[in-house]
1. Can you tell me the dipole magnitude for the chain around its Cα centre, using point charges on the Cβ only (Lys, Arg +1; Asp, Glu -1), in Debye to the nearest 20?
2. Mind putting together the pair-distance distribution for segment 379-469? All Cα pairs, 10 Å bins, whole percent per bin, short to long.
3. Of 340, 158, which has the most accessible area and how do the rest follow, probe 1.4 Å?
4. With all protein chains present, calculate the accessible area of residue 248 using a 1.4 Å probe and round the result to the nearest 10 Å².
5. Tell me the accessible surface of residue 63 in square angstrom (1.4 angstrom probe, heavy atoms of protein chains only), to the nearest ten.
6. Residue 325 to residue 235: extension gain in nm, 0.36 nm per residue of separation minus the Cα-Cα distance?
7. Give the residue list of trypsin sites (Lys or Arg not before Pro) in segment 383-456 that are DSSP loop and have at most 16 other beta-carbon atoms within 10 angstrom.
8. Tell me, what is a quarter of the convex hull surface for the C-alpha atoms of segment 296-434, in nm² with one decimal?
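The values are calculated or read from the model by the stated rules, or taken from the named source; none is laboratory data. Note that the structure is a prediction, hence the values are computed from the model and not measured. Glycine gets a Cβ as well: all are built from the backbone with ideal geometry, and neighbour counts include every protein chain shown. For accessibility, only protein heavy atoms count, side chains too; no ligands or nucleic acids. Shrake-Rupley method; radii C 1.70, N 1.55, O 1.52, S 1.80 Å.
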Amino acid sequence: MKSKEPGTIRQLFAFVGESNGKMRLSIFLAVLGELFGMGPFLMVAVLADALYQGTATPTLVLFLCGGAAVCQIIKMLLTWRSSLMSHKTSFTILKNIREAITDRMAKVPMGIMLETPTGAFKNLIVDNVAKLEDSMAHFMPELPSNIAAPLCSILLIFLLDWRMGLAALVTIPLGTLFFAAMMRGYGPRMENYMRSANEMNSTLVEYVNGIQVIKAFNRSAASYGKYADSVRYFHDSTMAWWSQCWLWNAAARAVLPSTLLGTLPVGAWLYMEGSLSLPVFLVALVVPLGFIAPLMKVSEAMEQVSMIKGNLEQVTTFLKTPELVRPTEPAELGERCYQFEDVHFAYNESEVLRGISFQTQPGTMTAIVGTSGSGKSTIAKLMAGFWDVTSGTVRFGGQDIRNIPFGQLMDEISYVAQDNFLFDKSIRENIRMGIPDASDGEVEAAAKAANCHDFIMQLEQGYDTMAGDAGDRLSGGERQRITIARAILKQASVIILDEATAYADPENEALIQQAISKLVAGKSLIVVAHRLNTIRNADQILVVANGEIVGRGIQKELLQNCPLYRKMWQDYAGSIEGGTEDV
Ligand SMILES: Nc1ncnc2c1ncn2[C@@H]1O[C@H](COP(=O)(O)OP(=O)(O)OP(=O)(O)O)[C@@H](O)[C@H]1O
């Protein structure tokens, strides 16, 4: 419920952590600085009065001027300390927010991480948080001090003459009204602005990633409809927002500073009437001019609150993503095999797996085949613990997978996905990720087993070539073999291959198959397969259609009693004759 959500400032303070005291002190110093900032005005009032009364002496003038200078210096020092502390605190808040996000990233279902566009995470961690810094560092200490400064000025004028105090306030109701008109619907508009900015950034990242395809088809940026739409939407929503604000903003900024509209006629009338002295008249004219700037800053601070709110909302929404709850103590594992017991799974509303039950045996190969979109990869992702089941149980080593710490499960399995990701580190370090403390010899042995040693040695710097630099020169199959070398080095007891050979050419496929056979020697292998020839010798083949297992057994059995498998095999055989191999 929205009303139970803590306010923006409270939410921010939740991230202040160890710097809570510093932030409060910085606010206190800023307010104190403003109080000292009133000193010179007070001195001017006293001096003007003394001059007018004819009681001014050189000592008094010197004392008042010195006092004004000291007040100004103290104000400067206090503001400087306050600003320093608030910036430091802001960076602590940003650090805490970023840590909270990255901590959450490690705990949310891995599937969410894999399926969220990279651009969205970049927005969240870099852009959103950076925007917060600027708003926070100034907003936190300046808001109280910017409120304190006008209040002190007003108090001073009221003390000198309450009628002039009222006259100085005359523009505030009208200015506030204009300001309120500007802020109408600000929150939702801001949210819309940020959503459209995020969407534009995400599609931009997607566009850059897909630039090869766009060029290959000789298309312009505008032809990439999603990107063009998101830019247009960002432009339209920003313009709609600002055109609503501009008029009221200009009106508020024009009216608020015009305190002379009240003080000049009222003061002149009271002075001529003889009930107001000239020094008080002059002070009442000048002092309000000093509180206009802080008041304008208060109005800007209101905008900043909305900005902070919008940015914080993105952060808190992600922080509320339910995490995968796993124990911290290692679980006792039996034989390293999987048991699916009546597993149902839905990504959102619609179920993609229904009543899946099967068991794998240690040291054997289980293949999962089926029509496109039937749920094969989802089964593999549940095995890797990327998502939790909706109902039913996935067991590994006899334990419910939810009772196994994520790190322990990851030590047991190697998950080789289709989009074989290489970090922008040296190829050696990419392979070493399998076991961070592996020696160079072990890394090279794994690379040899995965049939990558030869092509790595042909690269300019061999194993020390950066994967990013080599990226263009590595074929999909070569990249695949590097990830297999990584998995070989890891020595996990279970290997999960998700469509590992889907896009390899025949020569690469043979090399990949050799690499895989070394990878899986003596291990349990689960393979999500598109090419039926790679799994014809599997110990168990599961045929999936529409989220259900419609056939299971070895190839020979399935060819006899599973019509879908028979058809897939016939299609596959036909495609080979027809010159392509995809099923
Ligand atoms: N993150 C997701 N959110 C929502 N739906 C998803 C998600 N991932 C997959 N799906 C849907 O779940 C269903 C099963 O997908 P899955 O990738 O497991 O099928 P698959 O058999 O491996 O398909 P393919 O062989 O084409 O890769 C599909 O309808 C797919 O659109």
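1. Dipole size: approximately 1220 debye.
2. Percent of Cα pairs in each bin: 14, 37, 25, 18, 6, 0.
3. 158, 340
4. So the heavy atoms of residue 248 present about 80 Å² to solvent.
5. Answer for residue 63: close to 140 Å² accessible.
6. Full-extension gain reported as 28.3 nm.
7. Sites meeting the loop and neighbour criteria: 425.
8. About 13.9 nm², averaged over all directions.
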